[in-house]
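Only one structure is covered here, and it is reproduced in the block below.
The values are calculated or read from the model by the stated rules, or taken from the named source; none is laboratory data. These numbers were taken from a predicted model, which means no experiment stands behind them. Glycine gets a Cβ as well: all are built from the backbone with ideal geometry, and neighbour counts include every protein chain shown. Just the protein is used for accessible areas: all its heavy atoms, side chains included, with ligands, DNA and RNA removed. Shrake-Rupley method; radii C 1.70, N 1.55, O 1.52, S 1.80 Å.
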Amino acid sequence: MSLSAESTGDDLVFFVNGKKVVEKNAEPEMTLLTYLRTKLGLTGTKLGCAEGGCGACTVMVSKFNMHQNKIVHHAVNACLAPLCSLHHSAVTTVESIGSVATKVHPVQERIAKAHGSQCGFCTPGIVMSMYALLRNNPQPSLLDIEEAFQGNLCRCTGYRPILEGYKTFAKVSECCNSKYFEAENSLLYDPSEFRPLDPTQEIIFPPELLCSSKQPLRQLRFQGERVLWVQPSSLTELLGLKDKYPEARLVVGNTEVGIEMKFKNLLYPVILAPAFIPELNTVQHTADGILFGAACTLAHLGEVLCDAVQELPSHQTEVFRAVQEQLRWFAGQQVRNVAAVGGNIMTASPISDLNPVFMAAGCKLTLVSKGGKRVIKMDDSFFPGYRKTALKPNEVLLSIEIPYSKKYFSAFKQSQRHEDDIAIVTCGMNIMFEENTNTVRSLQLSYGGMAPTTILAKKTCKQLIGRLCSHKKKWSEELLHEACSSLAEEMTLNPSAPGGMVSYRRALTISLFFKFYLTVQHKLARDLKSAGLALEDVRPDYASATELFHSVFPSSTQLFQEVPPGQNKDDVVGRPIIHLSALKQATGEAVYCDDIPYYDNELHLALVTSTKAHARIESIDTTEAMCVPGVVAFITVKDIPGSNKTGPAIYDETVLAEDMVTCVGHIVAAIVADTQAHAQRAAKAVKITYKELKPVVTIQEAISCKSFYEPRRKIEQGNIEKGFKEADHILEGEMHIGGQEHFYMETNCTLAVPKGEDGEMELFVSTQSASKTQMLVAKALGVPANRIVCRVKRMGGGFGGKESRSMALSTVVAVAAQKVKKPVRCMLDRDEDMLVTGGRHPFLGQYKVGFMKTGKVVALEVTFYSNAGNSADLSLSIMERALFHMENSYNIPHIRGTGYVCKTNLPSNTAFRGFGGPQGMMVAESWMSDVALYCGLPAEQVRRLNMYKQGDRTPFSQCLEQFTIDRCWEECMTISQYNQRTKEIERFNRQHRWKKRGIAIIPTKFGISFTATFLNQAGALVHVYTDGSVLLTHGGTEMGQGLHTKMVQVASKALGIPCSKVHISETSTNTVPNTSPTAASASSDLNGMAVYNACQTLNKRLQPYKTKNLQGTWEDWVKAAYFDRVNLSANGFYKTPDLGYNFETNQGKPFNYFTYGVGCSEVEIDCLTGDHKNLHTSIVMDVGNSLNPAIDIGQVEGAFMQGVGLFTLEELRYSPEGVLLTRGPGMYKIPAFGDIPIELKVSLLRDSPNEKAIFSSKAVGEPPLFLAASVFYAIKDAITAARAESGLSGPFRLDSPATAERIRNACEDSFTKLCPPAEPGTFKPWAVQI
């Protein structure tokens, strides 16, 4: 269909940061985010996911709403907002509200000074979410603040400092008498220094837009390359257009169509935007309920229902409250602000949060077309098939009427995470009784997530109502048992059903009905009692099963040792100074790789990746791709001038695939084009023909076919056979630990700039390994390394994911730039990044443990299998570290550990915070838990009994010096009030059948050093300029962990000058060569000593001038030295002494020292759904003499929350063919604001200097992550209590992560028995455990 002949483009008029923008050629496929960054150069707004799931792109959009007759300010996702939807809107970005150069806004200041910005990539989005809230409500409640962040994610901070900083905006009356402001927090920052919020100083809404809002609406048309966007001015126009273009999609918020076009490669040539049509925005109170126009946003729907609930009798508003409850957990605020209720219905999602509620309530839908109007009831006939509705092609949904209720109505949603998550199973349940009886008159049970459509459990409902009056059923236990059996029969799923979790989903349909049964029973008993009739109420120990999840604003305490009295004010070592880039990050002025301004002749690259896990490439057809406008080149292996062999440790990878692909996501080729959109479109158009080969996907498959990388590693100490003979008991078990996606907020990005002579090239890269990037790019280009300069300003997170896998992108971009002789840029989309780069290694641990009746472990044999993927990468070193940590903190006299690295057809897995250590220790805690359960002893008693002591030796023969776990343990027991909590948990569990609490206290011992000895070196370069300013460069990269801040602190102390005189610009290979990756938690140790070494050299050179002029200033001494022709530039170098370990002899010293810590957590689980709440966590961490307590506490909290994700939430799901199914925040859930413990205490151990590192400090980046295992084992403790109710005791297997599915399935009861899993091997699963 050709549209250009009949379409003329209108001007798009809107305002950005107070300035008018008139776009003559608005592109319907362009998002606001792309326009801001590429057209306006406003790079403060970040791309994090492109699907509205992370909030990094949040901006504020203001409009005059003619239907509400007021200006509305909304936080929205710029990555979803179509540019064409912004006509007569005002957009506010982070740059306009404040600047480091002028004045920062209080919202920016508070997140920075409260230490709530680490890598900073998420910070502008969080700032704008808070800013939009304050524009609407200058004194929000704590609940308002928490809800404002439901659509924002942060991977670094652990969220606590963000909430701490922003709760200072909350109503004074709500906070002044609460525990939310604790005295200890004032040590990290002083809230009294915060600039007050003055709402009168904000940017005003443009008067021109106020005037234009009073003018009559007119139709707008915007014609793009492939899409026509029409904004009709009236319902009549809309119906005419829908009649003309029946296949056109209606778009209000673009929260679904935008995703389909971006990720499903769908194209809609005509888009109709009816957001301003009055009839579609109406809200009317009718005799039967409230009627909402289909374009009403979910946020507005919620506001209207909230008012109705407050004003109307409670028995009338049950449906309204159910919709409110679903809306509370529906996406994030940014999505609710723009998504329309009609769009939610018409999307016809089988896992819709709202459609089951609307269906159970019997909502009425008004449909209109050019031919007329009809009203239908929303029942099971409304969705005839997957993503289909009963509307005719030319019909439009005009409105939905939500009815008043008849007393008994409930809605439930179960998902992996409460905030901003799609449902696993969702339902609406509606019942009516004969007057003043418990006899069922009518029943509606509607489910989502149990079929390709939202469905009614018609068979069950019919059975429970009864056919004849004499056979009508009573609301009783008999009815409950009948309902459960019937639902188990009716709500079946194919074992291969999309989404998997089949047994869990089936059990949820019954469990959620049970919750409904109890809820109704309680209300009915109350209502009949008021009518003078008696009905047994819910058992007291069952009552909590009816409670809905409600979040509690968290409280926290941070404890650390202050600097000694009298320490020089300019000596900032040991002081909690803020991250040096925090304010820049909060204002959007911090520059990340993709923020670098575009070169005039710059081009964009998109990857062409394999869709098969193991196959031969037979042909590549680029015909269609090369016809896409703007395409410049197609890059293949033939374009590589140097070597196609690559890899971080051994060259077993290719830059571009030659004739074979070995994983889905294997980079085959690349497209270079004038824009990112054109490059990506062309890349998708490349057609590759494969001859498929059988892939190896899982660890079990690798074991079966002996697909391993060599060598196998083993550590053995003592006499294992003797140990097992001496043991009173022997247990065997195994545990699988799932992988984890890094989910750094900034995806991999490279900009390659050819210099035009001698093969020189400059690379701007988001990488932890500047030198390795330099070497591999030089190898691919066939030039010496001295022709390549790699620069790293900062990263938006790394966590190990940019240690080696970033080079896969950098080499391809460099090859492309060399070919086209122009700068080439590529920043991966989130789904690409997750597909291509790999993550944490999944592990299978098999163990045999021998122990005495007392719980003392005397022998252990453990075998680890890791899923390495399609290349060796760093997998051997990761396995080695897992073996080094196989006993965690326990002294096992007879021990043997063996490690196998599995070669599979998955994207190569790689370094991730902890580097194998967490997997090794997790298996250790599994057998420790088994021993305690078998012996019937308290777990903390068994752990304490087996713990190392000062002077003990590890299985690899290293002596434990300066051993502080015992001190950490005792302090953690004290600050967590462990013994008191245990008694309270026992009492709680006696009083509650369907909610259980659990507690666990877990130690960690983490070795510090690269296990590859040669990497334990670092360099630094310090320039002192004649004005006294100092430019510092070192080999480490900044990824949010505060390394640059700490290095400035070290240089400041070493030189005896204020921090303000020291500056770090970037990390670059032309200043400090041959650097080790910023990894292994060792960067402060290594680079700190190198910086100190350089500073000492300068101090020696300056000492004669200090001696001559004792009263002089730093500037005086520098100038004197300069005029005396003294070199004011110094190199520094450091290598960690006495390192080296031999696996053959089990001799040597792999680690310089150990970082110790202990974590205690308490949780509450819902035995019916598998939900859990993190009630309390206390952490005591030995970080030596902290260089910066604020940064170190931030690292502890951030690592802990990343561990919470690893062990309880984050689940990578692969198909049996090796296809990653979880490619973005929509399907892959990292912890959100609501997942932090309700009470969090972090204490840095006092008086524990570490003589082996800079200024007696210790490494902190990785060690705290494993303490999140305390949450996992607290969950296991709670499950143990639940299983006891069913008569089950003793050890049981619980794999990691402890997702809602695993928790529910482990809490075996009569409901789960109704839904047994299908026999393995009798079906093809949707996803496999890799």
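Restricting attention to segment 50-66, and to residues there that are touching a strand residue (DSSP E or B) at 6+ places or on another chain (Cβ under 8 Å) and of a type outside the set (A, V, I, L, M, F, W, C), which single residue is nearest to Pro138 (Cα to Cα)?
Checking each candidate, the answer is Ser62.
Filter segment 44-87 for residues that are open to solvent by 30 Å² or more (accessible area, probe 1.4 Å), at pLDDT 95 or above and not in a strand (DSSP E or B) and give the result. Steps first, please.
Within segment 44-87, the first condition is being open to solvent by 30 Å² or more (accessible area, probe 1.4 Å), and the residues that meet it are 47, 51, 63-71, 74.
Going one step further and asking which of them are at pLDDT 95 or above, we end up with 47, 74.
Correct list: Leu47 only.
Just to be sure I understand the filter: pairs with C-beta atoms under 8 Å, separated by 6 or more residues or on different chains, first member in segment 1061-1084 and among the small types (Gly, Ala, Ser), second member assigned to a strand (DSSP E or B) and open to solvent by 20 Å² or more (accessible area, probe 1.4 Å). Which pairs pass?
Ser1065/Leu1031; Ser1068/Val789; Ser1068/Arg791; Ser1076/Gln1017
Assigned to a helix (DSSP H, G or I) and either aliphatic (A, V, I, L, M) or over 18 Å from Phe1311 (Cβ atoms) (or both): is that true of Leu487 in this structure? I'd like the intermediate steps shown before the answer.
On the way: assigned to a helix (DSSP H, G or I): yes; either aliphatic (A, V, I, L, M) or over 18 Å from Phe1311 (Cβ atoms) (or both): yes.
Against the criterion (assigned to a helix (DSSP H, G or I) and either aliphatic (A, V, I, L, M) or over 18 Å from Phe1311 (Cβ atoms) (or both)), Leu487 qualifies.
Name, by its number, the condition in (1) surrounded by 24 or more Cβ atoms within 10 Å (Cβ to Cβ); (2) farther than 30 Å from Arg1213 by Cβ; (3) of a type outside the set (Gly, Ala, Ser); (4) touching a Gly at 6+ places or on another chain (Cβ under 6 Å) that does not hold for Arg943.
(4)
Evaluate the following for Gly125: is it buried (at least 24 other Cβ atoms within 10 Å of the Cβ), of a type in the set (Gly, Ala, Ser), within 22 Å of the chain's Cα centre (by Cα) and in a loop (DSSP other than H, G, I, E, B)? Explain how you work it out, then say what you get.
Working: buried (at least 24 other Cβ atoms within 10 Å of the Cβ): yes; of a type in the set (Gly, Ala, Ser): yes; within 22 Å of the chain's Cα centre (by Cα): yes; in a loop (DSSP other than H, G, I, E, B): no.
So Gly125 fails the test.
Hey, can you tell me all the residues within segment 43-58 that are of a type in the set (D, E, K, R) and closer than 19 Å to Ala590 by Cα? Quick ask: steps written out before the conclusion?
First, pick out the residues of segment 43-58 that are of a type in the set (D, E, K, R): 46, 51.
Hit for segment 43-58 is Lys46, nothing else.
Exactly one condition in (1) basic (Lys, Arg); (2) open to solvent by 70 Å² or more (accessible area, probe 1.4 Å); (3) assigned to a helix (DSSP H, G or I) is not met by Arg218; state its number.
(3)
Of the residues that make up segment 1064-1072, is at least one farther than 30 Å from Phe884 by Cβ and in a helix (DSSP H, G or I)? Break it down stepwise before answering.
Step one: of segment 1064-1072, the residues farther than 30 Å from Phe884 by Cβ are 1064-1066, 1068-1071.
From what is left, the residues that are in a helix (DSSP H, G or I) are none.
No, segment 1064-1072 has no match at all.
From the list Tyr1105, Tyr1122, exactly one residue is surrounded by fewer than 21 Cβ atoms within 10 Å (Cβ to Cβ), touching a helix residue (DSSP H, G or I) at 6+ places or on another chain (Cβ under 8 Å) and either among the hydroxyl-bearing types (Ser, Thr, Tyr) or outside any helix (DSSP H, G or I) (or both). Which is it? Step through it out loud before you land on a result.
On the way: Tyr1122 fails: touching a helix residue (DSSP H, G or I) at 6+ places or on another chain (Cβ under 8 Å).
Checking each option against the conditions leaves just Tyr1105.
Report, ordered by the first and then the second residue, all pairs with beta carbons closer than 9 Å, sequence separation of six or more or different chains, a first member in segment 714-727 that is more than 21 Å from Gly1148 (Cα to Cα) and of a type outside the set (S, T, N, Q), and a second member that is in a loop (DSSP other than H, G, I, E, B) and open to solvent by 20 Å² or more (accessible area, probe 1.4 Å).
Note: pairs meeting the criteria are Gly723/Pro893; Glu726/Met852; Ala727/Met852.
Restricting attention to segment 1235-1258, and to residues there that are in a loop (DSSP other than H, G, I, E, B) and closer than 18 Å to Gly158 by Cβ, which single residue is most open to solvent (accessible area, probe 1.4 Å)? Reasoning before the result, please.
Within segment 1235-1258, the first condition is being in a loop (DSSP other than H, G, I, E, B), and the residues that meet it are 1236-1238, 1245-1253, 1258.
Those left that are additionally closer than 18 Å to Gly158 by Cβ: 1236-1238.
On the way: Ile1236: 12, Pro1237: 2, Ile1238: 43 Å².
Within segment 1235-1258, the match that is most open to solvent (accessible area, probe 1.4 Å) is Ile1238.
Scan segment 337-349 for residues that are open to solvent by 20 Å² or more (accessible area, probe 1.4 Å) and in contact with a strand residue (DSSP E or B) (Cβ under 7 Å, 6 or more places away or on another chain) and report the count.
2
Among the residues of segment 766-779, is any open to solvent by less than 10 Å² (accessible area, probe 1.4 Å) and under 26 Å from Val631 (Cβ atoms)?
Yes, because at least one residue in segment 766-779 is open to solvent by less than 10 Å² (accessible area, probe 1.4 Å) and under 26 Å from Val631 (Cβ atoms).
Would you tally the residues in segment 389-432 being charged (D, E, K, R), touching a strand residue (DSSP E or B) at 6+ places or on another chain (Cβ under 6 Å) and surrounded by 24 or more Cβ atoms within 10 Å (Cβ to Cβ)? Explain how you work it out, then say what you get.
The first filter runs over segment 389-432 and keeps only residues charged (D, E, K, R), leaving 392, 395, 401, 406-407, 413, 417, 419-421.
Restricting the remaining residues to those that are touching a strand residue (DSSP E or B) at 6+ places or on another chain (Cβ under 6 Å) gives 395, 401, 406, 413.
Next, only the ones that are surrounded by 24 or more Cβ atoms within 10 Å (Cβ to Cβ) stay: 413.
The qualifying residues number 1.
Could you say whether any residue in segment 644-652 is closer than 30 Å to Ala1051 by Cα and surrounded by 18 or more Cβ atoms within 10 Å (Cβ to Cβ)?
Here is the first cut: in segment 644-652, the ones closer than 30 Å to Ala1051 by Cα are none.
Within segment 644-652, none of the residues are closer than 30 Å to Ala1051 by Cα and surrounded by 18 or more Cβ atoms within 10 Å (Cβ to Cβ).
Among what's in segment 843-874 and is more than 18 Å from Gln919 (Cα to Cα) and among the β-branched types (Val, Ile, Thr), pick the residue that is surrounded by the fewest Cβ atoms within 10 Å (Cβ to Cβ).
Thr854
State yes or no: is Leu548 assigned to a loop (DSSP other than H, G, I, E, B), within 19 Å of Leu479 (Cα to Cα) and modelled with pLDDT under 90?
On the way: assigned to a loop (DSSP other than H, G, I, E, B): yes; within 19 Å of Leu479 (Cα to Cα): no; modelled with pLDDT under 90: yes.
Against the criterion (assigned to a loop (DSSP other than H, G, I, E, B), within 19 Å of Leu479 (Cα to Cα) and modelled with pLDDT under 90), Leu548 does not qualify.
Do any residues in segment 103-131 that are free of Cβ contacts under 8 Å to residues at least 40 places away in the same chain have Cβ atoms under 9 Å from those of residues that are part of a loop (DSSP other than H, G, I, E, B) and buried (at least 24 other Cβ atoms within 10 Å of the Cβ), where the two are at least six apart or on different chains, and which pairs are they?
Met130/Phe149
Considering Gly52, Gly44, which residue is in contact with a Leu (Cβ under 7 Å, 6 or more places away or on another chain) and either small (Gly, Ala, Ser) or farther than 29 Å from Leu217 by Cα (or both)? First the steps, then the outcome.
On the way: Gly44 fails: in contact with a Leu (Cβ under 7 Å, 6 or more places away or on another chain).
It is Gly52.
Report whether or not Gly1287 is out of contact with any strand residue (DSSP E or B) (no Cβ under 9 Å at 6 or more places or on another chain) and either within 30 Å of Leu1043 (Cβ to Cβ) or part of a helix (DSSP H, G or I) (or both). Steps first, answer last, please.
Values: out of contact with any strand residue (DSSP E or B) (no Cβ under 9 Å at 6 or more places or on another chain): yes; either within 30 Å of Leu1043 (Cβ to Cβ) or part of a helix (DSSP H, G or I) (or both): no.
No; evaluated as a whole, the condition is false for this residue.
Take the residues in segment 737-760 that are among the small types (Gly, Ala, Ser) and open to solvent by 30 Å² or more (accessible area, probe 1.4 Å), then tell me which one is farthest from Met928 (Cα to Cα). Even if it seems obvious, please write down each step before you answer.
In the first step, residues of segment 737-760 are kept if they are among the small types (Gly, Ala, Ser); the result is 738-739, 752, 756, 759.
With the extra rule that they be open to solvent by 30 Å² or more (accessible area, probe 1.4 Å), the set shrinks to 756, 759.
Numbers: Gly756: 62, Gly759: 58 Å.
Among them, the one singled out is Gly756.
In segment 719-731, how many are touching a His at 6+ places or on another chain (Cβ under 6 Å) and either open to solvent by 30 Å² or more (accessible area, probe 1.4 Å) or not in a helix (DSSP H, G or I) (or both)? Spell out the reasoning first.
Kept after step one, since they are touching a His at 6+ places or on another chain (Cβ under 6 Å), are these residues of segment 719-731: 719-720, 723.
Cutting the leftovers down to either open to solvent by 30 Å² or more (accessible area, probe 1.4 Å) or not in a helix (DSSP H, G or I) (or both) gives us 719.
Counting residues in segment 719-731 that are touching a His at 6+ places or on another chain (Cβ under 6 Å) and either open to solvent by 30 Å² or more (accessible area, probe 1.4 Å) or not in a helix (DSSP H, G or I) (or both) gives 1.
Among the residues of segment 1136-1144, is there at least one that is assigned to a strand (DSSP E or B), in contact (Cβ under 8 Å) with a residue 12 or more places away in the chain and either closer than 30 Å to Arg506 by Cα or open to solvent by less than 30 Å² (accessible area, probe 1.4 Å) (or both)?
The first filter runs over segment 1136-1144 and keeps only residues assigned to a strand (DSSP E or B), leaving 1140-1142.
Retained after the next criterion (residues that are in contact (Cβ under 8 Å) with a residue 12 or more places away in the chain): 1140-1141.
Checking the rest, the ones that are also either closer than 30 Å to Arg506 by Cα or open to solvent by less than 30 Å² (accessible area, probe 1.4 Å) (or both) come to 1140.
Scanning segment 1136-1144, I find at least one residue that is assigned to a strand (DSSP E or B), in contact (Cβ under 8 Å) with a residue 12 or more places away in the chain and either closer than 30 Å to Arg506 by Cα or open to solvent by less than 30 Å² (accessible area, probe 1.4 Å) (or both), so the answer is yes.
Could you list, in sequence order, all residues of segment 612-626 that are farther than 24 Å from Leu1220 by Cα and part of a loop (DSSP other than H, G, I, E, B)?
Within segment 612-626, just Thr622 meets the criteria.
Out of Glu701, Glu716, Glu734, which single residue is surrounded by fewer than 21 Cβ atoms within 10 Å (Cβ to Cβ) and in contact with a Leu (Cβ under 8 Å, 6 or more places away or on another chain)? Write out each step before concluding.
Numbers: Glu701 fails: in contact with a Leu (Cβ under 8 Å, 6 or more places away or on another chain); Glu716 fails: in contact with a Leu (Cβ under 8 Å, 6 or more places away or on another chain).
Going through Glu701, Glu716, Glu734 in turn, just one is surrounded by fewer than 21 Cβ atoms within 10 Å (Cβ to Cβ) and in contact with a Leu (Cβ under 8 Å, 6 or more places away or on another chain): Glu734.
May I ask you to verify whether Phe956 is in a loop (DSSP other than H, G, I, E, B), among the aromatic types (Phe, Trp, Tyr) and more than 13 Å from Met1181 (Cα to Cα)? First the steps, then the outcome.
Working: in a loop (DSSP other than H, G, I, E, B): yes; among the aromatic types (Phe, Trp, Tyr): yes; more than 13 Å from Met1181 (Cα to Cα): yes.
Against the criterion (in a loop (DSSP other than H, G, I, E, B), among the aromatic types (Phe, Trp, Tyr) and more than 13 Å from Met1181 (Cα to Cα)), Phe956 qualifies.
Of Asp600, Asp621, which residue is under 30 Å from Met660 (Cα atoms) and open to solvent by 30 Å² or more (accessible area, probe 1.4 Å)?
Values: Asp600 fails: under 30 Å from Met660 (Cα atoms).
Step by step, each of Asp600, Asp621 is checked, and only Asp621 is under 30 Å from Met660 (Cα atoms) and open to solvent by 30 Å² or more (accessible area, probe 1.4 Å).
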